[in-house]
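Here is the structure we will look at, set down as structure tokens.
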Amino acid sequence: MKIILLGAPGVGKGTQGELLCQKFNIPKISTGDMLRTAIKDKTDLGLKVQSIMASGQLVSDEIIMALVKERISMPDAANGYLFDGFPRTLVQADSMRESQIFCDYIVQIDVADAEIVARLTGRFVHPNSGRVYHTIYNPPKVLGKDDVTGEQLIQREDDQKSTVLERLKVYNNQTMPLIDYYLTWSKSSDINKPKYIKVSGSGSVKDVYTDIINKLT
Ligand code: AP5
């Protein structure tokens with residue numbers, strides 16, 4: 001199973017991605033998580049992208065494509081994977097297609113902008129695993145601690161309100177065109193076309209998950 005989760009920042013791609021990967025036993029490939037790990041480890045890549053991410057802008061297509069191609073060549077991705085936050089530009093989507101990286105499903109998740117701001121400004125993450133929580137909507141069992149490891153949760157640097165608004169603008173300008181791109185492809189006669197699914201991300205985490213599963217099968 002190969003899935004692309006498509007949607008604005010904060011619609012729940014990471015949250016649903018985690019559940020779908022458990023269900024289908026595939027790795028979650030989050031370009032955002034990979035870049036944040038590089039920043040935490042202070043690698044050359046991390047130093048290069050830190051200020052770009054903190055400002056809410058996109059990292060270059062060349063960097064992202066190199067990261068993704070290396071990641072999907074790893075043994076755990078042999079039987080499928082889920083992309084969370086990739087592709088994010090038409091250049092990335094075209095580059096995937098040219099490289100014969102095809103997916104079975106595009107899952108578009110939709111949430112109103114006002115709800116997104118509330119979600120992101122209340123989000124806490126476990127940096128090592130990418131698990132996400134929310135102070136109100138999805139709280140950890142123990143305040144400030146990861147449910148699985150008990151380690152400290154942190155707030156992302158790009159989750160301040162002004163940066164969230166900038167990220168939404170970037171999404172509207174650079175990523176939203178992918179909706180038409182994939183919808184058109186899904187209706188074509190191409191044998192490699194993906195199936196296109198759209199769900200509302202506004203219900204509870206469980207309801208959104210059930211909706212996706214029902215539409216996938
Ligand atoms: P990335 O890490 O991909 O962030 P994003 O797309 O902005 O998405 P988020 O992680 O913010 O949100 P999400 O949809 O995963 O929501 P979540 O499940 O956490 O990218 C960060 C940066 O990296 C980019 O700005 C860019 O600079 C760079 N980058 C990454 N990929 C790139 C690429 N391909 N090209 C170029 N640059 C790239 O949920 C959000 C909150 O809501 C959580 O608190 C959660 O608990 C809560 N929540 C989830 N579901 C529900 C629900 N149903 N009801 C109530 N609350 C909910």
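Listed values, structure above:
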quantity	calculated
Flag if residue 179 is in contact with a helix residue (DSSP H, G or I) (Cβ under 9 Å, 6 or more places away or on another chain) and β-branched (Val, Ile, Thr)	no
Residue in segment 173-194 that is within 12 Å of the ligand (Cβ to nearest atom), surrounded by 15 or more Cβ atoms within 10 Å (Cβ to Cβ), not in a helix (DSSP H, G or I) and not aliphatic (A, V, I, L, M) present	no
Residue in segment 109-126 that is part of a helix (DSSP H, G or I), β-branched (Val, Ile, Thr) and crowded, with 19+ Cβ neighbours inside 10 Å present	yes
Any hit, segment 71-83, residues being under 14 Å from residue 175 (Cβ atoms) and touching a strand residue (DSSP E or B) at 6+ places or on another chain (Cβ under 6 Å)	yes
Residue in segment 20-32 that is in a loop (DSSP other than H, G, I, E, B), among the β-branched types (Val, Ile, Thr) and more than 17 Å from residue 131 (Cα to Cα) present	no
Counted residues, segment 24-54 - those being surrounded by fewer than 17 Cβ atoms within 10 Å (Cβ to Cβ) and within 8 Å of the ligand (Cβ to nearest atom)	1
The listed residue being in a helix (DSSP H, G or I) and in contact with a Gly (Cβ under 6 Å, 6 or more places away or on another chain), out of 93, 38	38
Test: residue in segment 74-90 that is in a helix (DSSP H, G or I) and open to solvent by less than 70 Å² (accessible area, probe 1.4 Å)	yes
Tabulated pairs, segment 33-62, first on the phi > 0 side of the Ramachandran plot, second of a type outside the set (Asp, Glu) and assigned to a loop (DSSP other than H, G, I, E, B), C-beta under 9 angstrom, 6+ apart or interchain	56/9
Qualifying residue in segment 139-148 (condition: β-branched (Val, Ile, Thr) and outside any loop (DSSP other than H, G, I, E, B))	no
Near pairs, Cβ below 9 angstrom, 6+ apart or cross-chain, from segment 15-32 (within 17 Å of residue 201 (Cβ to Cβ)) to any residue that is more than 15 Å from the ligand (Cβ to nearest atom) and assigned to a helix (DSSP H, G or I)	20/216
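Yes or no, residue by residue, for (1) at pLDDT 95 or above; (2) of a type outside the set (Val, Ile, Thr); (3) out of contact with any His (no Cβ under 8 Å at 6 or more places or on another chain):
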residue: 61; (1), (2), (3): yes, yes, yes
residue: 65; (1), (2), (3): yes, yes, yes
residue: 70; (1), (2), (3): yes, yes, yes
residue: 75; (1), (2), (3): yes, yes, yes
residue: 85; (1), (2), (3): yes, yes, yes
residue: 93; (1), (2), (3): yes, yes, yes
residue: 105; (1), (2), (3): yes, yes, yes
residue: 131; (1), (2), (3): no, yes, yes
residue: 136; (1), (2), (3): no, no, yes
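The values are calculated or read from the model by the stated rules, or taken from the named source; none is laboratory data. These figures come from a predicted structure and were not determined experimentally. Backbone-built Cβ (ideal geometry, glycine too); neighbour counts: all protein chains shown. Keep in mind that these areas ignore ligands, DNA and RNA; they rest on the heavy atoms of the full protein, side chains included. Shrake-Rupley method; radii C 1.70, N 1.55, O 1.52, S 1.80 Å.
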